[in-house]
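Taking it in order: structure first as structure tokens, then the write-up.
The values are calculated or read from the model by the stated rules, or taken from the named source; none is laboratory data. Note that the structure is predicted; figures quoted are calculated from it, not measured. Here the Cβ positions follow ideal geometry from the backbone for every residue, glycine too, while neighbour counts run over all protein chains shown. We work out accessible area using only protein heavy atoms, side chains counted, and drop any ligands, DNA or RNA first. Shrake-Rupley method; radii C 1.70, N 1.55, O 1.52, S 1.80 Å.
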Amino acid sequence: MTNKDLNDIIAKSLDLNEEVIAESYVAQDKQFSLPTEKLSTETKDVHIELYQHYVQQLNHVSARLDTVPRKDADASHSDFRSLKYDEVFNMNAVYLHELYFANISDPYSEITMDSLTFMRLERDFGTFDMWQRDFIACALSAREGWAITAYSTFLKRFVNVFIDSHNHSVPVGCYPVVCVDVWSHSYFHDRMGDKKSYIVDMMKEFNWAVIEERFKRAEMIAEALR
């Protein structure tokens, strides 16, 4: 199915003229293999359904943004402001879930000392172990949100940060390379609220091949900005 087909479907469901939706973007949910036994089947299924819901909501907001009047935009309240807020919330939710699902659940997880990932984490955090401790601290500090390692185009180095919700405390100019979901729905059912054991288990099964490709892209970003 093409983006135009999806646009037509959304336009019809929202009673919109197909001509006014021509500039809307359409997100499509991706398929992820999650063979890990560190998450229950129920938790995986519920989490995938939540991700798909965010995709649907992002498409809905995108379609609405094509018709909302810009002339009424206002910082106190306006339909345009509300939709733009929801756009970032849902867009980040989709992107962060895709990063998370792609970089976890590798039962054969292994990182080598000669990988770009290992070398950059050692360079910017002192040692690989220090990066791990700092990442866990960020993950524990997030409320309902995310722990992320990202390349900062401002600091020109890799940093660990946390995001509350999907859109609070998001650092500007950062390219994410490692991502763990620390919303309570990710671990509460399986671990009775033991957040730290969940974080450590997700880190034990990081897919370093996926993460390595992200580090390579971050390296290209760094090179382009030199």
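With both labels modelled 7 Å from their Cα along Cα-to-Cβ, the E42 to S141 distance reads 3.4 nm.
Summing charges over neighbours of S40, with a neighbour being any other residue whose Cβ is under 11 Å away from its Cβ, gives -1 when K and R count +1 and D and E count -1. With a probe of 1.4 Å, find how much accessible area the chain has per residue, and write the answer as a whole number in Å². Roughly 55 Å² per residue, with all protein chains present. Residues within the reach of a label modelled at M220 (point 7 angstrom out along Cα to beta-carbon, backbone nitrogen below 14 Å), restricted to segment 123-152: there are none. Here the spin labels are modelled as points 7 Å beyond Cα on the Cα-Cβ line, and at Y108 and D129 they lie 2.8 nm apart. The distance between label points at Q28 and V88 comes to 2.9 nm (points 7 Å beyond Cα on the Cα→Cβ vector).
Across the chain, the mean sequence separation of Cα contacts (distance under 8 Å, 6 or more residues apart), normalised by length, yields a relative contact order of 20 percent. Between D79 and T67, residue separation times 0.36 nm minus the direct Cα-Cα distance comes to 3.3 nm. Taking the 1.4 Å solvent-accessible surface of the chain as the whole, the part contributed by carbon and sulfur is 53%. Computed from the Kirkwood radius of its Cα pairs, the Stokes-Einstein diffusion coefficient for the chain at 37 °C and 0.692 mPa s stands at 171 µm²/s.
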